1. Explain nothing, just compute: Karplus ³J(HN,Hα) = 6.51 cos²θ - 1.76 cosθ + 1.60, θ = phi - 60°, for every residue of region 167-184 in order, whole Hz, x for Gly and Pro.
2. For every other residue with a beta carbon closer than 10 angstrom to the beta carbon of A105, add +1 if it is Lys or Arg and -1 if Asp or Glu, then tell me the sum.
3. Show me, for region 112-119, the HN-Hα J-couplings you get by feeding each phi into the Karplus relation (A = 6.51, B = -1.76, C = 1.60, θ = phi - 60°), rounded to Hz, glycine and proline as x.
4. Which order do peptides 148-155, 83-90 fall in by mean Cβ count within 10 Å, highest first?
5. Starting from the residue with the highest accessible area, list E9, E161, E93 in decreasing order, probe 1.4 Å.
6. Around E95, what is the net charge, scoring Lys/Arg as +1 and Asp/Glu as -1 over all other residues with Cβ under 14 Å from its Cβ?
7. Can you give the helix-only mean residue ellipticity at 222 nm for the chain, where every DSSP H stretch with n ≥ 4 adds -39500 (n - 2.57) and the sum goes over all residues, rounded to the nearest 500 deg cm²/dmol?
Amino acid sequence: MAGPTLVIELAEPVAPAALRGFRTLMRGLSTHFEELRPGAFDVNVAVERLGVETPTAVDSQEVDGRRPFLVYLMGPGVGDEDIFEAEHADEPEVEAALGFKPTHAVNVSAGCNRGVDHVATALLTAAIADVLGGLVKAELLDGHVSVVAGLPGMLGVTDEECPTVLGTAEFLRAWIDQPGFRLVK
């Protein structure tokens, strides 16, 4: 994908009722909805449904308020097991900060990289975390550790060379209001 990606770490497999709620959320936010497999979606999300104003023209190019995303659950028994295992192979700092060893995860990947895509990615991820639970893992840009420090719902920052912040849906909503908010692509 061309835009930012966030990950929701889950402490346990997603129950069937939660998976139905996830599907309902994605369908309700989307103007284009395709379920690639249970818990994996190719969607265009209407940013207004996330509470974001429709973007205006930038550099004399129209910006569509329907933003493309790939959103997918991964882990044992649901798909992309190898990717899940590779991404979680050795993360003792993350596990310590989360307070659990993730069994599954949800990747939220934007298809574009405009400012609206960064905000929409954060808000979509927060909405999914509200439905499924779990905690968010996001890489930080250089110098952004001080920007997120002390925000509500922030659990910690790991890895000094490539800082990663861990937090709740509340944290993501607080972060987007900070000056210079930008996710790592």
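1. Listing the rounded values in order: x, 9, 4, 4, 4, 4, 5, 6, 5, 5, 7, 7, x, x, 3, 7, 8, 7 Hz.
2. Spelling it out: positives minus negatives among the neighbours equals -2.
3. For region 112-119, the Karplus-derived couplings read 9, 10, 7, x, 4, 5, 5, 5 Hz, x marking Gly and Pro.
4. 148-155, 83-90
5. Order by accessible area, largest first: E161, E93, E9.
6. Counting the neighbours of E95, the net charge comes to -4.
7. Roughly -9000 deg cm²/dmol at 222 nm, from the helical runs in the chain.
The values are calculated or read from the model by the stated rules, or taken from the named source; none is laboratory data. None of the values given here were measured: they were computed from a predicted structure. No Cβ is skipped: glycine too gets one built from the backbone with ideal geometry, and neighbour counts run over all protein chains shown. Note: areas computed on protein heavy atoms with side chains; ligands, DNA, RNA excluded. Shrake-Rupley method; radii C 1.70, N 1.55, O 1.52, S 1.80 Å.
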